[in-house]
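What follows is a set of notes on a single structure, which appears directly below.
The values are calculated or read from the model by the stated rules, or taken from the named source; none is laboratory data. Here the structure is a predicted model, which means the values were calculated and not measured. Cβ placement follows ideal geometry from the backbone for every residue including glycine, while neighbour counts extend to all protein chains displayed.
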Amino acid sequence: MTDITMRHPSRPGFYNCGLPAAVRSSLAEAGDVLIPRSDTMPPAGDIAALFVSERVSPAEAAELEGILGALTEVSVATLTDLELNRPERFAVLRTWVYQAYYGSPVVTGLMQLQGSAYHGAPQPFGYELHEDAPVPTEPRGTFIPTEEVVRVRR
Amino acid sequence: MSAVEQAEVVVIGAGVGGGAIASRLLESGVRVVMLEQGPHIDPLDHAQLRTDWEFSLTREWAFDPNVRGLDEDYPVTGDGFNPFLFNAVGGSTNHYGGFWHRMKPAEFRKGTEHGLANSEDWPISHEDLVPYYEENDRRFGVSGLAGDPSHPPREPRPTPPLRHGPYARIIADGLDRLGWHWWPADNAIASVPYRGRQACNNCGMCTPGCPRGSLGTATEAYIKPALRAGLDLRVGARVVRICTDHTGKASGVEYVDRATRAMHRVDAPLVVLAANGIGTPRILLNSANAQAPHGLANEHDQVGRNLMLHGYVLADIWYDQPTGHFMGPWGASTFSHEFHATDAMRGAVNGMTLTFGAGFGPAAVSLGGTTGIAPVAWGQAHHAEFARAFDHNVFAALQIEDLPQSDNRITLDPDVVDSSGIPAARRHYRLHENDRTLLEFGTQRLQEFATASGARSIDVQPVDDRYNPPGWHLMGTARMGARPESSVVDSWHRAWNVPGLVICDGSSMTTGGAVNPTSTIGAMALRCADGLIASMRSGLAVAADPAPAGRA
């Protein structure tokens, strides 16, 4: 019997598809509008363009091309319009950008620098927890033994 | 077709049911061939080692095989719920939180209690399963605290209670303010090193498996010990049909090697089917032959019917104070059985579990948490809103006992096939009015909890036309019963009218209880194995008694 190993369609390069340059550029612009730069955090544009280009499937690339290609320009106004009038298309775009941003080691590293305990990949480090789980001080509750189960009145 | 092989027992499915039975049989000296259509999962395959782990939950670690679309997955068409199952060694325990409940005595007696829809008493009792619950707990290294007065007294858990993030205190205080029952949840997660497994290191995410082996999976509990005892495990082995001889007795299994596309056949006097609440009826229906034209063990048209899932409402609860929802085991921290028993004053029978615990990571929080109802704003407000959401979330789930109904069922899709050309499963599920009433009642309780625990807001999935629950718990589709007219197997999991065929997994459950079922599936499987061993040692045929069975 042949051993079959698991495949990983979430890993960069799995689909070896990428995005056309124009779509990648529009996605970067959209990313910067959806998550703009702050005093401490970078904008999402380049992060999203790279993340998506490495992971997108052909069908997803075509979907993104359709969404971004239909915009006359990438701006707060056009994305607001997209969110209002084509919410399902907007959700696709937002999902890619948010997933990319918060899956980026640059972003999670900056979060940590600013005091968050979140350290990105859950393993191998996990988290140290020092407090035992709370225990009821006044236990409540009961159960019905097998022999006491009777017909309920409805 | 390669030459026909001979085995003593063929087990279909490497999940909890199949794993427990195979392990027990091997310990008794029985040789077992196990067929699993999925792969082995290497520890490095798990997503938690990657920063983009949340993205993998939309790909190879998605709950839904239709989303994953991997070669080992079979399509599940139809509608009514999201079909969640995992095809790999370890089955769906590769992809669960390890919430670990036992069914209570009354949950085995729903025919006596109300008999609504197709509710029947189980042909066994809680007490029949207690020794097997205990052993199954030891196999899984369950963690938890003894003394919950809402359960019959029981042995101490094999490992102490887990530690959780700050959310556990928030939850406990909220439930105390309401005066409701609560208890630290049991989880199939080792809190200390246990039988060669590492202790949980509180990484915050259990559902894409556990690279440390801390999460108790069927692989850790049963498959690894079975392999050490000589299990002949064949991965990538997709069952095409269960074969029968001229008398109608199960005689073996035909399967296709997904890698080579070659057909194989293993003959055996005993076939154990444990392929989950969707996979099991699919194989039975795909095994139709001249003697059983409507599918194996389906003389009374019961195969695939009475599908239960547990009605679900998921909620994101948001707090001003930090909750640490990304740390600690993802397995539940706390549950409440305040509303677990039937109370006719609610206008419905059956009850519910309220489960509370950790949430997901930053990507999920940015997209609205578990429910996705309220994604973080985009634009200039994004960073400030994200800071208010991340580390401020608690996950809550309302889980009700749904009624078994004939029309909630798994059938075969007449048009769609899997990558081996085998007809796909098709699903159909609708809530009973009783289920809907319970969900509406429970939703109000979740909102009360949010207020009592000082939450800023709560996002609750609605029970309306958009209701599309998670199908994590696939139960009842080849259920155990006292009569062949309303069930598929007898009290020892022997298929009615098909000697030599045993079915034991979530599909065997007569009713579903209001709790997560994996603990019960494991206990049933150990008991089933003891029945098989007794039959084998006594020289008895493995065949259901056609006479009405009493309670075991």
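Suppose we filter B:ALA482, B:ALA478, B:ALA514 for residues that are over 29 Å from B:ALA221 (Cα atoms), at pLDDT 95 or above and assigned to a loop (DSSP other than H, G, I, E, B); which single one remains?
Numbers: B:ALA478 fails: over 29 Å from B:ALA221 (Cα atoms); B:ALA514 fails: over 29 Å from B:ALA221 (Cα atoms).
On inspection, the qualifying residue turns out to be B:ALA482.
Restricting to the range B:102-117, name every residue that is touching a Lys or Arg at 6+ places or on another chain (Cβ under 9 Å) and more than 7 Å from chain A (Cβ to nearest Cβ).
The answer is B:ARG102, B:GLY115, B:LEU116.
I need the full set of residues from the range B:306-350 which are in a loop (DSSP other than H, G, I, E, B), of a type in the set (Gly, Ala, Ser) and touching a His at 6+ places or on another chain (Cβ under 7 Å), in order please.
Across the range B:306-350, the qualifying residue is only B:SER333.
Given the conditions (1) aliphatic (A, V, I, L, M); (2) under 19 Å from the mean Cα position of the chain (by Cα); (3) within 14 Å of chain A (Cβ to nearest Cβ), and given that B:VAL33 satisfies all but one, which numbered condition is not satisfied?
(2)
Tell me the residue from A:THR40, A:THR72, A:THR78, A:THR137 that is of a type in the set (Ser, Thr, Tyr) and away from every other protein chain (no Cβ under 13 Å), please.
A:THR72
From the list B:LEU231, B:LEU215, pick out the single residue that is over 23 Å from the mean Cα position of the chain (by Cα), within 14 Å of another protein chain (Cβ to nearest Cβ) and not polar (S, T, N, Q). It would help to see each step written out before you state the result.
On the way: B:LEU215 fails: over 23 Å from the mean Cα position of the chain (by Cα).
Of the residues listed, the single one that is over 23 Å from the mean Cα position of the chain (by Cα), within 14 Å of another protein chain (Cβ to nearest Cβ) and not polar (S, T, N, Q) is B:LEU231.
Among the residues of the range B:153-209, how many are over 19 Å from B:GLY361 (Cβ atoms), assigned to a loop (DSSP other than H, G, I, E, B) and more than 8 Å from chain A (Cβ to nearest Cβ)?
Number of matching residues: 18.
Give the residue, chosen from B:THR260, B:THR323, B:THR280, B:THR334, that is within 11 Å of chain A (Cβ to nearest Cβ), in contact with a helix residue (DSSP H, G or I) (Cβ under 7 Å, 6 or more places away or on another chain) and either hydroxyl-bearing (Ser, Thr, Tyr) or closer than 30 Å to B:GLU36 by Cβ (or both). Give the steps one after another, and end with the answer.
On the way: B:THR260 fails: in contact with a helix residue (DSSP H, G or I) (Cβ under 7 Å, 6 or more places away or on another chain); B:THR323 fails: within 11 Å of chain A (Cβ to nearest Cβ); B:THR280 fails: within 11 Å of chain A (Cβ to nearest Cβ).
The match here is B:THR334.
Take A:ILE35 and tell me if it is under 21 Å from B:GLU385 (Cβ atoms) and more than 10 Å from chain B (Cβ to nearest Cβ).
Answer is no for this residue.
Of the residues A:GLY13, A:GLY31, which single one is touching a residue at least 12 places away in the same chain (Cβ under 8 Å), closer than 28 Å to B:ASP42 by Cβ and of a type outside the set (A, V, I, L, M, F, W, C)?
None of the others qualify; the one that does is A:GLY13.
Answer with yes or no whether A:THR40 is surrounded by fewer than 16 Cβ atoms within 10 Å (Cβ to Cβ), touching a Leu at 6+ places or on another chain (Cβ under 9 Å) and in a loop (DSSP other than H, G, I, E, B). Steps first, please.
Values: surrounded by fewer than 16 Cβ atoms within 10 Å (Cβ to Cβ): yes; touching a Leu at 6+ places or on another chain (Cβ under 9 Å): yes; in a loop (DSSP other than H, G, I, E, B): yes.
Taking the combined requirement at face value, the residue satisfies it.
Being at pLDDT below 95 and buried (at least 21 other Cβ atoms within 10 Å of the Cβ) is the requirement here; does B:PHE360 meet it?
Working: at pLDDT below 95: yes; buried (at least 21 other Cβ atoms within 10 Å of the Cβ): yes.
Here the answer is yes, as B:PHE360 does meet what is asked.
Output the number of residues of the range B:265-294 satisfying the condition of being surrounded by fewer than 22 Cβ atoms within 10 Å (Cβ to Cβ), outside any strand (DSSP E or B) and not aliphatic (A, V, I, L, M).
Number satisfying all stated conditions: 6.
For the range B:145-162, state whether one or more residues are closer than 21 Å to B:THR323 by Cα and more than 21 Å from the chain's Cα centre (by Cα).
Yes: the range B:145-162 contains one or more residues that are closer than 21 Å to B:THR323 by Cα and more than 21 Å from the chain's Cα centre (by Cα).
All but one of (1) out of contact with any Phe, Trp or Tyr (no Cβ under 6 Å at 6 or more places or on another chain); (2) within 13 Å of another protein chain (Cβ to nearest Cβ); (3) not β-branched (Val, Ile, Thr) hold for B:HIS126; state the number of the condition that does not hold.
Answer for B:HIS126: the failing condition is (1).
Among the residues of the range A:96-120, how many are facing chain B (nearest Cβ under 8 Å) and at positive phi?
1
Can you say whether B:GLY421 is among the small types (Gly, Ala, Ser) and either under 25 Å from B:THR334 (Cβ atoms) or not assigned by TED's automatic domain parsing to the domain that holds B:ASP64 (or both), as far as the supplied structure shows?
no
Consider B:ASN497 against the criteria (1) over 16 Å from the mean Cα position of the chain (by Cα); (2) over 25 Å from B:SER251 (Cβ atoms); (3) modelled with pLDDT under 95: it satisfies all of them except one. Which criterion is unmet?
All conditions are met except number (2).
Kindly list the number of the only condition in (1) buried (at least 18 other Cβ atoms within 10 Å of the Cβ); (2) more than 11 Å from chain A (Cβ to nearest Cβ) that fails for B:VAL349.
(2)
Among the residues of the range B:64-102, how many are among the small types (Gly, Ala, Ser) and within 18 Å of B:ASN516 (Cα to Cα)?
Qualifying residue count for the region: 5.
Return the total of residues in the range B:143-152 being more than 7 Å from chain A (Cβ to nearest Cβ) and aliphatic (A, V, I, L, M).
Residues that pass the stated criteria total 1.
Mind listing whichever residues of the range A:13-27 are farther than 17 Å from A:TYR102 by Cβ and part of a helix (DSSP H, G or I)?
A:ALA21, A:ALA22, A:VAL23, A:ARG24, A:SER25, A:SER26
Being more than 14 Å from every other protein chain (Cβ to nearest Cβ) and outside any strand (DSSP E or B) is the filter here; which residues of the range B:234-257 pass it?
Once the filter is applied, which keeps residues that are more than 14 Å from every other protein chain (Cβ to nearest Cβ) and outside any strand (DSSP E or B), the range B:234-257 yields B:ASP245, B:HIS246, B:THR247, B:GLY248, B:LYS249.
Please give the number of the condition A:ILE47 fails out of (1) more than 20 Å from A:ALA70 (Cβ to Cβ); (2) within 10 Å of chain B (Cβ to nearest Cβ); (3) among the aliphatic types (A, V, I, L, M); (4) touching a Gly at 6+ places or on another chain (Cβ under 9 Å).
That leaves (2) as the condition not met.
Tell me, please, whether a residue that is closer than 21 Å to B:ILE283 by Cα, modelled with pLDDT of 95 or more and of a type in the set (D, E, K, R) can be found in the range B:527-542.
no
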